[in-house]
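> The structure under discussion is supplied below as structure tokens; questions concerning it will follow.
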């Protein structure tokens, strides 16, 4: 997917002091979890992303020239009671996850965000696994790209009943049943009109 970036963002990408970060937005039923891979909190689009060590790992995000769904894995520190509770008590499957890529620069001893962070991934939580090794707990989320919906077969039957479920009153499939075994004599014994224009 092609993207256009601002001039300030492009300049910072080629600078010698590149300071990238990820901002992750996870939409749970009880609320939205906003985390960033920074030490301090970040305000993006009016929302505060918690600068946090909760994010232990984000797997490489890949894109291909083919129309193909490439997923990503996000591992969070499950020792945080809020994260652990959300992971264990909520139905996380199908929840929307957005990942943004941004850059920081330092001005007057303060970190500022360069331009606008870019959304580099959007998808749905497929599964959540709690990993415990005696010393710590981790929550690992497998997130599928939104393109995964293209691989789900449609369950349409093209019958009148099916059509009514989506478009009540539509008669487009009203005669499908009667047409299934209908025999049509095409071109046999049909008198075509003669050309009488000379």
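Read-outs throughout are calculated quantities, based only on the coordinates presented, and are distinct from any laboratory measurement. Remember, it's a predicted structure, so these values are computed and weren't measured experimentally. Glycine also receives a Cβ, built like all others from the backbone with ideal geometry; neighbour counts cover every protein chain displayed.
> Can you put 146, 171, 138, 182 in order, fewest other beta carbons within 10 Å first? All intermediate terms of the calculation are to be shown ahead of the outcome.
Values: 146 13, 171 10, 138 18, 182 7.
With the sparsest Cβ surroundings first, the list reads 182, 171, 146, 138.
> While we're here: Order these by the 10 Å Cβ neighbour count, fewest first: 58, 184, 129.
184, 129, 58
> Next question. Taking neighbour counts of Cβ atoms within 10 Å as a proxy for exposure, in what order, fewest first, do 14, 106 appear?
14, 106
> Another question, then. Direction-averaged shadow area of the convex hull around the Cα atoms of segment 11-59, nm²?
So the Cα hull casts an average projection of 4.7 nm².
> Residue separation times 0.36 nm, minus the C-alpha to C-alpha distance between residue 44 and residue 135: what's the value?
Working it through step by step, the gained length comes to 29.4 nm.
> If I stretch the segment between residue 162 and residue 142 completely, what's the gain in nm (0.36 nm per residue apart, minus their alpha carbon distance), one decimal?
Here the answer is 3.8 nm.
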